[in-house]
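The values are calculated or read from the model by the stated rules, or taken from the named source; none is laboratory data. Everything numeric here is computed off the predicted structure, so don't read it as measured data. Glycine gets a Cβ as well: all are built from the backbone with ideal geometry, and neighbour counts include every protein chain shown.
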Amino acid sequence: SAGGCASGLSAMGGASSFYSILSFACFYIAIWLAAKASKLAGVSSMVLEITTGLVLGPQVAGLIPKEYSVCEWEKKISCTTGSPDLERIAADAEHEWCDVGAYAAAGKLGSYANATAPRRLGGGSGDARYGDYDECLRKSCDIDLGNRCQNTPNILTMIGHTGVAMMIFESGMHFDFEKAKVVGVPACCVAVLGTILPLIVGTLLMMAFGKAMNPDGISAGTALAPTSVGIALRLLGEAGVLQENFGQAIITAAFVDDILSLVLFNVLFSLSGEFDLFKTVLAPIIGVTFMLIAMAGAVKFWPKVIDQMILPQAPDARDASLQGWRRLRLEKDELLFLLQIVMLVAYSMITHLLGTHLWGCFIAGMSFACLSPPHHAHHVWVKQTKRMTTWMIRIFFSCTVAFSIPVTKLISITAFWKGSILGVFACILTKVCCAPWMGPAKWVIGWAMVGRAEFAYLIAQMALSSNMMDEESFSIVIWALLYATIFAPFVFRWLLDRYIKEQGLEGRAGEEAGPLHDEEAHAEKGPRKRVDFAELESSAALGLDGIDVGALETADPKLWRGAPPEPAVMAGAKVEPRGGTVGSPDGRSGSWDGFLCCLLFKKAVLQ
């Protein structure tokens, strides 16, 4: 393996992190090449990124050592029989994992048959649903380990999760409230049907495979229900059609789908133990209420507060003549970016306490969707985060998702054919058919809802750890999810391209700004040439906001094809030309040179 080779070479060159650096460099290059190959093939880079991560990851080629793909707690905690960690679980009075008394009464103490002073554990449930007390401790240890790893994940997983959060925040700034009024109700109906159908069909198929309805069937159906918001947004962003009605419908439906899946998630695991009124009932209600209030604030409150009260306190550009601490005063765009970070953290914290921080990320983004001028808040965010977000999303798909796929669980022929049936009918077909009332875009919307990612895998893994799904059922569900993960991007892209051509949206799709997850979407096209504005007599600032375009008309006769006109200053200009102006008293008009045309166009776009 790559790890063994590196160990041998390290003995020659001495202990060093060089080979780890080299491994990651090769891995990142492979991801980058996969993204480029996907672009040339005209498909989403997500599939090749996942494939690259799966092949080069610790489970197959081992280019990335396992130590970098697991959380720190997995190296410290052992959930095998007889380990000290099982004793810790047995003695944990705070969480009360297993009821010794219930297992003693049922004669299922196993190797703990000589245990003394039985006490009630497991929240007082008094059940003995596991095979014996040993199994209960092992499963409880797995749950405890999973919780710890969710709180402190490995660095690659954390980077991927951060990228998804930033991407979802960015997508919230694309939310069009006017179009949402048109697509809101139908999109919500799509989400409801797209959540219920996988749950029902998945449960019925698992029962047909000989599994119990509860918990195996319901657990499998719940794992198949969530639509991956990240996948849907990336595909839409690459196509550039987020501002179309069907694009807004997909975004709305995807997030409502995730909200409903979160409710199902809470209900599912409330069935495994004591009913939690807050997590199962109150948290979703509070979350929906908070979202509605935040949406109203995004339309009525924040535009007035930010545009009219906060941003006017900051200058358009920093005054170089200021001294001392006054030079630290933020410019308008810097202040806006700071507000975005504060809002992102605050809203995500609120919804994290209600279930998931991703919900708050989207709501925070929506709070900047109605600011003036349109899309300027999005431009400020992208300017600061575009490259970072691009690579974080690549790491999310190639590491977070790819490394979570249990390759060893997929080798069973039985799991393969059952998973194929479950994948086609419960995982794909139920989502494809969830938008019959959406007109010509129904198949595009349906296939956009097919994508799955980490949330679905997380539900399946936690159901396995909670003994609500056996290993065979888990393998079947993994195959079903892989069908959606692999086929959804290809079919969706093909349907989307066909729909765009049929509706004549080619030009419009190219002009619209979508979530920027591909570095080509951020890059400046063509060769870049630096312009030294100091050579222009009238330029006093390098920032576009501080350039007096009216004065530039007369700045240099070389830039004017006709005779220089009379000196002119734009209304509201913030910067006076340096060294005076060059002009002609006759006020003759001329035509713009290509340089000034580009300057005006860029200034207009950025403002």
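Within segment 147-159, the residues that satisfy the criterion of being modelled with pLDDT of 85 or more and either closer than 14 Å to F368 by Cα or part of a helix (DSSP H, G or I) (or both) are I155, L156, T157, M158, I159. Looking only at residues of segment 378-436 that are small (G, A, S) and assigned to a helix (DSSP H, G or I), we find that the one that is surrounded by the fewest Cβ atoms within 10 Å (Cβ to Cβ) is S420.
Just one of the listed residues (T195, T116, T203, T162) is over 30 Å from W391 (Cα atoms), assigned to a helix (DSSP H, G or I) and either out of contact with any Asp or Glu (no Cβ under 7 Å at 6 or more places or on another chain) or at pLDDT below 85 (or both), and it is T203. Close contacts from segment 437-459, counting a first residue that is under 15 Å from C188 (Cβ atoms) and a second that is at pLDDT below 85 and β-branched (V, I, T), with Cβ to Cβ under 7 Å and a gap of 6+ residues or different chains, come to I445/I250; M449/T227. Annotation note: Cβ proximity below 9 Å between a residue of segment 17-39 that is charged (D, E, K, R) and a residue that is surrounded by fewer than 15 Cβ atoms within 10 Å (Cβ to Cβ) (sequence gap 6+ or interchain) occurs for K39/E520. Listed by position, the helices (runs of 4 or more DSSP H) enclosed by segment 1-97 that each have at least 3 residues that are at pLDDT 85 or above and either touching a helix residue (DSSP H, G or I) at 6+ places or on another chain (Cβ under 6 Å) or of a type in the set (S, T, Y) (or both) are 18-41, 45-56. Residues that are in contact (Cβ under 8 Å) with a residue 24 or more places away in the chain, under 18 Å from P374 (Cβ atoms) and β-branched (V, I, T) within segment 275-309 comprise V299, I306, listed in sequence order. Per the listing L335, L260, L268, L344, the residue uniquely buried (at least 21 other Cβ atoms within 10 Å of the Cβ) and modelled with pLDDT of 90 or more is L344. Which of the residues spanning segment 355-376 are surrounded by fewer than 24 Cβ atoms within 10 Å (Cβ to Cβ) and out of contact with any Ser or Thr (no Cβ under 7 Å at 6 or more places or on another chain)? If the condition is that a residue be surrounded by fewer than 24 Cβ atoms within 10 Å (Cβ to Cβ) and out of contact with any Ser or Thr (no Cβ under 7 Å at 6 or more places or on another chain), then G355, T356, L358, A369, C370, L371, S372, P373, P374, H375, H376 are the ones that fit. For segment 57-77, check the following and say yes or no: at least one residue is within 22 Å of the chain's Cα centre (by Cα), closer than 16 Å to W391 by Cα and surrounded by 14 or more Cβ atoms within 10 Å (Cβ to Cβ). So far as segment 57-77 goes, no, none of its residues is within 22 Å of the chain's Cα centre (by Cα), closer than 16 Å to W391 by Cα and surrounded by 14 or more Cβ atoms within 10 Å (Cβ to Cβ).
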